[in-house]
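Here's the structure we're looking at; comments come further down.
The values are calculated or read from the model by the stated rules, or taken from the named source; none is laboratory data. A quick note: this is a predicted structure, and the numbers were derived from the prediction, not measured. When we count neighbours, we look across all protein chains shown, and the Cβ atoms used for this are built from the backbone with ideal geometry, even at glycine. Surface areas here come from the heavy atoms of the whole protein model, side chains and all, with no ligands, DNA or RNA. Shrake-Rupley method; radii C 1.70, N 1.55, O 1.52, S 1.80 Å.
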Amino acid sequence: LDANAPRHREFRASRDELAAMLGIARDEILDRPLWVDTGSDQLVIPLASRDAVRRVVPKPDMMLRIASNEARAMAYVFARDGSAADRRIRARFFFPKYGAVVEDPGTGSACANLGGWLLATGAALPVRLDVHQGDQVGRPCRLGLEVTADHRIRVSGRVVEIARGVVDLG
């Protein structure tokens, strides 16, 4: 699936506020957290390690305060599994709902926004990544992300259908 062309804007809160929101140390947040939008505006936050990704425990009140409105209170954290050459990314996606934080086990829109973050931060292209998400909630999801040399963002993956239905509005 090809994503929309990304838009991005700088993150305005302090690194200390962001660390407090995520429940991790300030030095575990890497440079350039950005708001990225390829169809859904989300805060994309690079972390120093997969262990930092694992330990994130967001605070819903701070997510709502940092976001410009409730619809934008979404945070996608990620880190490479190993060296910069490693294709594996560990990621988690959070949003507040009814006073709590919900974690989505597999988020194509956030994966596309990671592609937009790579473009915004001048990553070497083309790039292909294997995004591992959902492990923390016992629902492992594997997504593919490709950002082509001509700046196209492609997201792929497999899904397991768990339900099917029909809604009759008549």
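The 3J(HN,Hα) values that the Karplus relation (6.51, -1.76, 1.60; θ = phi - 60°) gives for the range 20-32 are, in residue order, 5, 4, 8, x, 10, 6, 4, 6, 8, 9, 7, 5, 6 Hz. Gly and Pro appear as x.
Only beta bridges with both residues in the range 17-170 are counted; by DSSP, about 75 percent of them are antiparallel. Charges were assigned to the Cβ only: +1 to each Lys and Arg, -1 to each Asp and Glu. The resulting dipole of the chain about its Cα centre is roughly 200 debye. Of all DSSP bridge pairs formed entirely within the range 1-87, close to 65 percent run antiparallel. Ignoring any ligand, DNA or RNA, what whole percent of the accessible area of the chain comes from carbon and sulfur when the probe is 1.4 angstrom? C and S fraction of accessible area: 51 percent. Across the range 51-170, Cα pairs under 8 Å and at least six residues apart give a relative contact order of 18 percent.
Could you work out the percent of alpha carbon pairs in the range 25-70 separated by over 16 Å, rounded to a whole number? Could the numbers behind the result be given before it?
On the way: 506 of 1035 pairs.
So the portion of pairs separated by more than 16 Å is 49 percent.
Taking the Cα centre as origin and putting +1 on Lys and Arg beta-carbons and -1 on Asp and Glu beta-carbons, what dipole magnitude results for the range 88-170, to the nearest 20 debye?
180
Quickly rank 91-102, 44-55 as a protection proxy: mean count of other C-beta atoms within 10 Å, highest first. Spell out each step's value before the answer.
Numbers: 91-102: 17.2, 44-55: 19.9.
Listed from highest to lowest mean packing, they are 44-55, 91-102.
Accessible surface for the chain, divided over its residues, is 55 Å² per residue with a 1.4 Å probe. Computed per residue of the chain from DSSP H runs no shorter than four, each worth -39500 (n - 2.57), the mean residue ellipticity at 222 nm is -5500 deg cm²/dmol.
Evaluated at q = 0.23 Å⁻¹, a Debye calculation over the C-alpha positions of the range 1-95 (equal weights, vacuum) places log10 I(q)/I(0) at -1.25.
Applying Stokes-Einstein at 10 °C and 1.306 mPa s to the Kirkwood radius of the chain, computed over alpha-carbon pairs, gives a translational diffusion coefficient of 97 µm² s⁻¹. Relative protection proxy for 109-121, 125-137, from highest mean packing down: 109-121, 125-137 (other beta-carbon atoms within 10 angstrom). Sequentially through the range 101-113, phi angles give Karplus couplings (6.51, -1.76, 1.60; θ = phi - 60°) of 10, 9, 10, 8, x, x, 10, x, 5, 5, 4, 4, 5 Hz, Gly and Pro residues having no value and appearing as x. Separation of the range 33-59 from the range 1-20 is 8 Å, based on Cα centroids.
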